[in-house]
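Each remark here refers to the structure printed beneath this line.
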Amino acid sequence: MTKKLYIETVGCQMNVLDSELVVGSLRRLGYELVYQPTDADLIFFNTCSVRQHAEDKIYSALGRLRGHKQRHPHKIVGVLGCMAQKDQEIIKRRAPHVDIICGPGQLAQLPQLVAEVQKTGDLQLAVSLGRAEASRHDVETSFESYDPARDPSMRPNPFQAYVRIMIGCDKFCTYCIVPSVRGPEQSRHPEQIAAEVRQLAGEGCKEVTLLGQTVNSYKFQSPDGRHWRLSDLLARIHDTPGIERIKFVTNFPKDMTDDLLDAVRDLPKVCSYLHVPVQSGCNDVLKRMKRLYTVEYYREMLARCREKVPGVAVSSDFIVGFCGETEESFQRTCDLVSEAGFKNSFIFKYSPRPSTKADDLYPDDVPEEVKKRRNNDLLAIQNAVSLADHRRKIGETVEVLVEGTSKTFEKRGGPVQLTGRTMTDHIVVFEGNERLIGRTVRVQIEEATSFTIFGTVETEETIGASETCCEAPMAAPHDASHRRVGLPLV
Ligand code: 5AD
Ligand code: SF4
């Protein structure tokens, strides 16, 4: 009988990619993916620790499974990813029915961990060293890069894929748990990345999104002494046959160098889209966050992006209600959003993370209702900015990579509504035949809301047909309209 695997993923694109790799490695052992935890022999949660809410969701899901596990003791429950790295003891206490606790740096060991539980019935724990526990080198090597087991069927589309180019983070923003759960910043070998992109293209992938916590800090010194930056890597993979679009997320403002902007401008397959989170529009707050730049620096950087890459779309993240954020500080953030012209912004209420600098040093002194109100107010300002940006596109013709059907805009019994993205990452919805999914078409823009632009396909002839695309297996039609690059899934 086929063994069955269920995996629930919360968090960032890194986790989405990790889940794809976990599924890839277990499928090779004969596991089949199922969509109900109670149908599975292996039940995994790939977790996130960036905000408390993401952790609460996992503990609730684990709690719901407790009775099921008691009735079926041979089933294996695993907590993977950032929570596993951060909270082994808490997981053991709050969810004693968990069989595997596996950090993001140990996912390659999962098949052995599963075999060990099957053999012994004992809890298996595999995590990396904490950053203060050993030398940098030892901590680095305890985070294993885990990338080769790609599984196109695990992706929302076989023609779009994430590619990790680095792991970890060395910035230590005071609010952020990532440097402690994902470990020190380490860049992958450019040739390994290039080989993975070639493999993906061979499987029918047309768009790759390069992933890193601070992707534009990528640096690698190859054995021949050559220093690689992100701009060099983009040039290296640019001509991969079959690849039509290259994106990269997420950028750190201080590392937005001119060579990178030149590469975005000069390499036609690189999307004119930059996700560069600013987090706050107030210098006092930025200082307490230890973001290493001022608002003046950020505005200058934004002007440089727009001057170097005409037409570039920029998006941002914000944290509202950070420790000590006054009405005046918040107003400065509102002013920045009103003026900066972000394509969109992801806005989060500050969530204190135990053992971060901010949690040690500053009281979480903005009440929840105030955080909520600031979140809504900032969102309203951003929505007005996005609407104006979208309306300016009316009358333009844009190239859209069709991602799937849109359930949000489905008309009962009416024609199929397709959704896709432009080279500037704008979401476009239009009527069309499902056979266009996975292809690039020209769409004339006619209408706009804050979240979506609507148009009519100009011609059903597709653009930039590649050698490999047409044989690619087609994903089941899905609603791709909410799967935004840069959007944490929690
Ligand atoms: N509370 C709220 N939001 C956070 N982020 C990171 N840490 C926290 C936190 N403790 C947000 C930042 C980051 C995005 C991925 O999550 O805006 O860019
Ligand atoms: Fe967290 Fe800052 Fe690193 Fe981003 S740059 S992952 S916010 S520490």
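Ordering Asn376, Ser231, Phe252 by the projection of their Cα atoms onto the charge dipole of the chain, which places +1 on the Cβ of Lys and Arg and -1 on the Cβ of Asp and Glu, puts Asn376 at the extreme positive end. Between the listed residues Ala313, Gly103, Leu113, the Cα displaced farthest toward the positive end of the dipole of the chain, a dipole computed from Cβ unit charges relative to the Cα centre, is found at Leu113. Separation of the stretch 347-362 and the stretch 164-218 by C-alpha centroid, Å? Comparing the Cα centres of the stretch 347-362 and the stretch 164-218, I get a distance of 25 Å.
Straight Cα distances below 20 angstrom link Lys349 to the lysines Lys57, Lys287, Lys290, Lys357, Lys371, Lys372, with same-chain residues fewer than 8 positions distant left out. Using the rule -39500 (n - 2.57) for each DSSP H run of four or more residues, divided by the residues of the chain, the 222 nm mean residue ellipticity is -10000 deg cm²/dmol. Sorting Phe322, Phe220 by the number of Cβ atoms found within 10 Å of their own Cβ, with the fewest placed first, yields Phe220, Phe322. Spin-label model, Asp138 to Gln112: label points 7 Å out along the Cα-to-beta-carbon direction sit 1.9 nm apart. In this structure the amide hydrogen of Val270, modeled in the peptide plane, comes within under 5 Å of the amide hydrogens of Ile246, none closer than 5 places in sequence on its chain. For the stretch 349-428, relative contact order (Cα pairs under 8 Å, six or more residues apart, normalised by length) works out to 18 percent.
Under 22 Å Cα-Cα from Lys3, which lysines qualify once same-chain neighbours fewer than 8 residues away are excluded? Correct list for Lys3: Lys69, Lys75, Lys119.
No lab work stands behind these numbers, since they all come straight from the coordinates. The model shown is predicted, which means the values in this text are computed figures rather than measured ones. As a convention, Cβ positions derive from the backbone with ideal geometry for all residues, glycine included, and neighbour counts pool all protein chains shown.
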